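Encoded as structure tokens, the structure appears first; notes follow it.
The values are calculated or read from the model by the stated rules, or taken from the named source; none is laboratory data. In this text the structure is predicted, and so the values were computed from the model without any measurement. All Cβ positions, even for glycine, are placed from backbone atoms using ideal geometry, and neighbour counts span all protein chains on display.
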């Protein structure tokens, strides 16, 4: 028993039919209307829509993975630069002061006095804040935080109060 494989023209026809079905489906037309417009059975439209939805879901997962990877790479780059600048902000700060001094009355004998000052720095804490923000963003993106529960409350944190109205009149209980 051999399995029949679709020839290229059959595959192209199926792809074209699927594209037409997708276009009409995305216009919010019901399956029966899509089938009528394209001269197909509703079951054929349903089968193609099932395939399309699986393809769309797979593409969404791939796109999400690509976006997540790109955002993680951006976070890594920012964090790496913040670490570099943090280390640099702890290095000695050298300051050079040059003063020109005049000599005699005719301006003869000019001298320059140069003073070099080296100062130890403690580091700029703003870079540590950037690093902490990168760590936090990465953890959120990867879903590493435990889910949080949010309670809906009224003004001042009081519990919400509501009233449920039940209409007990049945379909045969009309006003008389």
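Here is a yes/no grid of residues against (1) in contact with a helix residue (DSSP H, G or I) (Cβ under 7 Å, 6 or more places away or on another chain); (2) more than 30 Å from residue 135 (Cα to Cα); (3) modelled with pLDDT under 90:
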site: 87; (1), (2), (3): no, no, no
site: 93; (1), (2), (3): no, no, yes
site: 97; (1), (2), (3): no, yes, yes
site: 101; (1), (2), (3): no, yes, yes
site: 106; (1), (2), (3): no, yes, yes
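List pairs: first in the stretch 118-146 and without any contact (Cβ under 8 Å) to a residue 40 or more places away in the chain, second surrounded by fewer than 14 Cβ atoms within 10 Å (Cβ to Cβ) and part of a strand (DSSP E or B), Cβ under 9 Å, 6+ apart or cross-chain? As it stands, the answer is 118/93; 118/94; 118/95; 119/93; 119/94; 119/95; 120/93; 121/93, since those pairs meet every condition given. On the basis of being farther than 30 Å from residue 18 by Cα and in contact (Cβ under 8 Å) with a residue 60 or more places away in the chain, does residue 75 make the cut? Yes; evaluated as a whole, the condition is true for this residue. In the stretch 53-65, is there at least one residue being more than 28 Å from the chain's Cα centre (by Cα), part of a helix (DSSP H, G or I) and surrounded by 11 or more Cβ atoms within 10 Å (Cβ to Cβ)? Looking for residues that are more than 28 Å from the chain's Cα centre (by Cα), part of a helix (DSSP H, G or I) and surrounded by 11 or more Cβ atoms within 10 Å (Cβ to Cβ), one finds none in the stretch 53-65, hence no. Among residues of the stretch 1-27 that are in a loop (DSSP other than H, G, I, E, B), those with a beta-carbon under 8 Å from a residue that is modelled with pLDDT of 85 or more at least six positions away or on a different chain give the pairs 6/14. Applying the selection to the stretch 137-167, what residues are assigned to a loop (DSSP other than H, G, I, E, B) and closer than 18 Å to residue 71 by Cα? Residues satisfying the conditions are 142, 143, 144, 145.
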